[in-house]
């Protein structure tokens with residue numbers, strides 16, 4: 001099973017210049033825990049991700065709600081991503097190694113294809129069976 005097989009819906013996206021309250025509104029409206037940050041809506045090139053955890057940190061620092069997403073979310077090389085053809089085991093390894101609940105799935109051009117949450121991973125019986133068959137999680141390539 002490949003990473004792209006676990007992508008269940010079109011990703012929610014925002015650009016890094018938008019106020020983070022817009023990302024919060026999207027998460028609330030769509031009942032999800034993350035919004036992917038893209039360079040622009042045309043290319044869908046990955047720039048980052050903003051999650052519920054990022055929002056909590058921003059609020060605890062008393063950041064204004066109009067603070068740009070790029071100043072609140074995880075931006076750049078720190079974003080945990082998987083390629084469309086990566087295995088489910090690789091996705092699970094990324095979540096464990098980097099202690100994240102969301103992995104962004106990208107194509108060969110780094111364009112966003114979707115997001116896999118821990119809920120998506122554990123909610124797919126085939127994925128759980130595949131992970132259970134592993135001796136241990138595969139090593140993540142740097």
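Taking every DSSP beta bridge that has both residues in segment 3-133, what percent is antiparallel when rounded to the nearest 5?
Just about 70 percent of them are antiparallel.
With label points built 7 Å along Cα→Cβ from the Cα atoms of residue 110 and residue 84, find their separation and express it in nm.
1.8 nm
Return the calculated 222 nm mean residue ellipticity for the chain, to the nearest 500 deg cm²/dmol, obtained by summing -39500 (n - 2.57) across DSSP H runs with n ≥ 4 and dividing by the residue count.
That calculation yields -9500 deg cm²/dmol at 222 nm.
Give the distance, in whole Å, between the Cα centre of segment 85-138 and the Cα centre of segment 1-51.
17 Å
Counting every Cα pair in the chain, what percent are over 23 Å apart?
When all Cα pairs of the chain are counted, 32 percent exceed 23 Å.
Within 10 Å of each residue's Cβ, count the other Cβ atoms and sort 101, 78 from fewest upward.
78, 101
What do you get for the angle between helix 88-98 and the principal long axis of the chain? Use alpha-carbon atoms, 0 to 90 degrees, nearest ten.
Here the helix axis deviates by roughly 50 degrees.
Could I have the simple spin-label model distance between residue 101 and residue 118, label points 7 Å from Cα toward Cβ, reported in nm to one decimal?
Modelled inter-label distance: 0.7 nm.
Computed from the coordinates by the stated procedures, all read-outs in this text should not be read as laboratory data. Just so you know, these numbers come straight off a predicted model, no measurement behind them. Heads up, the Cβs are rebuilt from the backbone with ideal geometry, glycines too, and the neighbour counts pull from every protein chain shown.
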